[in-house]
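Taken together, the values in this text are just the output of simple stated rules run on the coordinates, not laboratory data. These numbers were taken from a predicted model, which means no experiment stands behind them. Please note: Cβ atoms are built from the backbone with ideal geometry, for glycine as well, and neighbour counts cover all protein chains shown.
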Amino acid sequence: MSTLIGTPGANLLDGDAAHLEWLNNERTRLLDFYQPHVCHPDGGYNYLDATGNPLPHQGRQLWNNARMLHCFSIAHMLGRPGAREIAEHGLTYFLDGDGRDHEYGGWFATVGGDSPSDLKELYGQAHVLLAGSSAMLAGLQRGEELVNAALGVIDEHYWDESVGRCVEAYDRTFTQLDTYRGQNANMHLTEAFLAAYEATGRNELLERAVRIGRFIAGRAAKDHVGAWRLCEHFAEDWSDLPEFNRDDPRHPFRPYGSQPGHWLEWAKLLMQMRGLGVDEDWVLPAAQHLFAGAMTDGWQPTGGFVYTTDWDGTPIVRERFFWEPPEALGAAHFLYQETLDPAYAQAYRTIWQYTADHIMDFNGGSWFPELNEDNEPVSFTWEGKPDLYHAFQATMYAFLPAHLGLAAWARTVAHDTQA
């Protein structure tokens, strides 16, 4: 099903009124899907199925719960009725509930369900920092408390000042450290550090984000073959592991190869750093090369980005995921703001139109998480529709100035409304 995404032929990134209205309507549609059944009665948030109902066997998963708090904190600032109560429900869970390890610190990877896990993984802890930062910017009473708690865990157990990056995962007691090092968790920590910097004004958080970005994405500033195919996996000494998980190419968090969606996500994050005043000479060219590489290797003739590629750019897992287009939309928006290159505006329109034509589910609600090569919904990797975060954020990029993140922008909207 196709839908009109804005004025035909208009540059959607030049403030097209029809597009901005369409984005607001899509944001409302997404929240209408998640809001009714997202709150778990014992605290935190449900994992939802394809129709928006809870899937109890999936448990309360940390990364998804933190993303829900992040989204509903922003929704509250944008005036969504009931969003404040949902965000406060999450804050109580993260600070006082059974998702937090009140004995050893940090937060459990999964509470309840068929596969509970007491692992302490950076991926989830990083999202808690993001969630707390958004709650703090939203003026929620305990948002700052959650930011401080999350930063305390990251500082004590994960951040390695000697290299400017974080380790990956521990057992429950923080005594057994995994030797694996990953870019994905550090990428989301970069996002969280940027949000926490905007919430707290602490310069060292922005500096940490830059250090992570320089190591992982900075290599893309050199325009040579393979420069934009980011290494996803590293050994304990941070040497590259290009063959990691070759026998598990569909792994939901650590697949073999490189992920064009992550190149786009880094392009977006680098441009957000630039908007916050980071003027190092590698930032812009790295973002440009990452975006160009993803469009060259990842974007397919029938639309959508493949999940992974090999190191020569050959697609490995050809399914398209719902989270990749939003990252491309954010990157295209910020790159257009910086360069005014119409190619970025055209890419933005093309990607949104593909999303509206194939990924948005106008019958069941929300977005299809995964499509096959023929752009038909499949479920090889994810069950249900648990994740609001990427789609929700996609509806806001066109509104953002270069110097504000999502929650910081939403706070300005809230202040303007109150004024």
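Within the set of other residues whose C-beta is less than 15 Å from the C-beta of His102, count the net charge using Lys and Arg as +1 and Asp and Glu as -1.
Local net charge: -3.
Take the alpha carbon atoms of region 251-287, find their center, do the same for region 81-106, and report the distance between the two centers in whole angstrom.
30 Å
Residues with amide H under 5 Å of Asn46's amide H, sequence separation 5 or more or different chain, H placed in the peptide plane at 1.01 Å from N; which?
Excluding prolines and chain starts, which carry no amide H, the hits are Cys39, His40.
Show the residues, 5+ positions off or on another chain, whose built amide H is closer than 5 Å to the amide H of Thr308.
Amide H neighbours of Thr308, under 5 Å, 5+ apart: Ile316, Val317.
Mind computing the radius of gyration and Dmax over the alpha-carbon atoms of the chain? Å is fine for both.
Cα-based Rg and Dmax for the chain come out at 19.7, 58 Å.
Name the chymotrypsin sites (Phe, Trp or Tyr not before Pro) in region 52-115 that are in a loop by DSSP and that have at most 12 other C-beta atoms within 10 Å, would you?
none
With label points built 7 Å along Cα→Cβ from the Cα atoms of Asp240 and Asn363, find their separation and express it in nm.
Modelled inter-label distance: 4.5 nm.
Given q = 0.11, 0.15, 0.17, 0.21 Å⁻¹, what are the Debye log10 I(q)/I(0) values for region 122-245, with equal point scatterers placed on the Cα positions and solvent ignored?
For region 122-245 at q = 0.11, 0.15, 0.17, 0.21 Å⁻¹, log10 I(q)/I(0) is -0.39, -0.70, -0.87, -1.18.
Where does the charge balance sit around Leu119 when Lys and Arg score +1, Asp and Glu -1, over other residues with C-beta under 12 Å from its C-beta?
My count for the surroundings of Leu119 gives -4.
Local charge sum around Glu383 (other residues, Cβ-Cβ under 13 Å, Lys/Arg +1, Asp/Glu -1)?
Here the charged neighbours net out to -3.
At R0 = 45 Å, how high is the FRET efficiency between Asp49 and Ser162 if r is their beta carbon distance? Nearest 0.05 is fine.
So, using R0 = 45 Å, E works out to roughly 0.50.
I'm checking a number: the convex hull volume of the Cα atoms of region 24-182, normalised per residue, in Å³. What is it?
It is 124 Å³ per residue.
5 Å is the cut-off here: which amide hydrogens, built 1.01 Å from N in the peptide plane, fall below it relative to Cys166, excluding neighbours closer than 5 in sequence?
When sequence neighbours closer than 5 places are left aside, the close amide H contacts are Asp160.
How much length, in nm to one decimal, is gained on full extension between Leu119 and Ser379, taken as 0.36 nm per residue of separation minus their Cα-Cα distance?
Result: 91.0 nm gained on full extension.
With each pseudo-label sitting 7 Å past Cα toward Cβ, what's the Leu95-Leu4 distance in nm, one decimal?
Distance between the two pseudo-spin positions: 4.6 nm.
In sequence order, what are the phi-derived ³J(HN,Hα) couplings for region 75-91 according to the Karplus relation 6.51 cos²θ - 1.76 cosθ + 1.60 with θ = phi - 60°, rounded to whole Hz, with x for glycine and proline?
4, 4, 5, 8, x, 5, x, x, 5, 4, 5, 5, 5, 5, 4, x, 4
Can you pull out the GluC sites (Glu not before Pro) in region 359-419 that DSSP calls coil and that have at most 15 other Cβ atoms within 10 Å?
For GluC sites (Glu not before Pro) across region 359-419 that sit outside H, G, I, E and B with at most 15 neighbouring Cβ atoms in 10 Å, the list reads Glu373, Glu383.
HN-Hα J couplings of region 266-272 from phi, Karplus 6.51/-1.76/1.60, θ = phi - 60°, integer Hz, Gly and Pro as x?
For region 266-272, the Karplus-derived couplings read 5, 4, 5, 5, 4, 5, 5 Hz, x marking Gly and Pro.
Kindly provide the GluC sites (Glu not before Pro) of region 100-199 that DSSP labels as loop, not H, G, I, E or B, and whose Cβ sees at most 12 other Cβ atoms within 10 Å.
Filter output for region 100-199: Glu103, Glu161.
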